[in-house]
1. Sketch the reach of a paramagnetic label on residue 113 as a point 7 Å from Cα along Cα-to-Cβ, and name the residues of region 41-68 whose backbone nitrogen lies under 14 Å away.
2. What ³J(HN,Hα) values, in whole Hz, does the Karplus curve 6.51 cos²θ - 1.76 cosθ + 1.60 give for region 7-12 when θ = phi - 60°, with x put for Gly and Pro?
3. How high is the relative contact order of the chain? Use alpha-carbon pairs under 8 Å, at least six apart in sequence, and give a whole percent.
4. Among 138, 63, what is the fewest-to-most ranking by other Cβ atoms within 10 Å?
5. Can you put 124, 59 in order of Cβ neighbours within 10 angstrom, beginning with the fewest?
6. In debye, nearest 20: dipole of region 3-129 around its Cα centre with unit charges on the Cβ of K, R (+) and D, E (-)?
7. How tilted is helix 45-58 with respect to the longest principal axis of the chain? Cα atoms for both, answer in degrees (0 to 90, nearest 10).
8. Using the eigenvalues of the Cα gyration tensor, what equivalent ellipsoid semi-axes result for region 3-129 when each is taken as the square root of five times the eigenvalue, whole Å, largest first?
Amino acid sequence: MSSEQNKAMFRRVIEEAFNQGNYDVLDNIFAPDYQEHQFGLKPTVEGMKEDFAYLRTAFPDLHMTIEDLTADGDTVWGRMVATGTNQGPFMGPPTGKPIKITVFDVLRFENGRAVEHWGSPDRFAAMAQLGLLPQPQH
């Protein structure tokens, strides 16, 4: 597949699966034996669906906007901004607070399917915005 086709598949993961909750598209994008490299995520396509559903329960209005997307050969890199309001359990009871964080994701493709994923959401910023970090004493 071309770099442009791989970028289109990346967009589908974000726009259709993550933002709209259409998790079935993941079956056609990820190879059944893909490798997950992001800390804390489940290493299967079914596990990815569960992880996405968990986040959408914790943040029902969760939305990711692709800010930058680039590809080189079989690898696509994306920088996104994720926004949402914590309305469900997430590292404790719901806070009702909004978050706005940066997320970096990388997908590597083989034979038209994603075979590896690396992700780096700014979890520290999310925790700080939700009031889950200790505040410094003055």
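Since every read-out is calculated from the coordinates, none of them should be taken as a lab result. None of these values were measured; they are calculated from a predicted model. Cβ: placed from backbone, ideal geometry, glycine included. Neighbour counts: every protein chain shown.
1. Inside the label zone: 44-46.
2. These are the phi-based 3J(HN,Hα) values: 4, 5, 5, 4, 4, 4 Hz.
3. Reported relative contact order: 23 percent.
4. Ascending Cβ contact count within 10 Å gives the list 138, 63.
5. 124, 59
6. Here region 3-129 has a charge dipole of around 460 debye.
7. Approximately 30 degrees, to the nearest ten.
8. Three semi-axes, in Å: 25, 15, 12.
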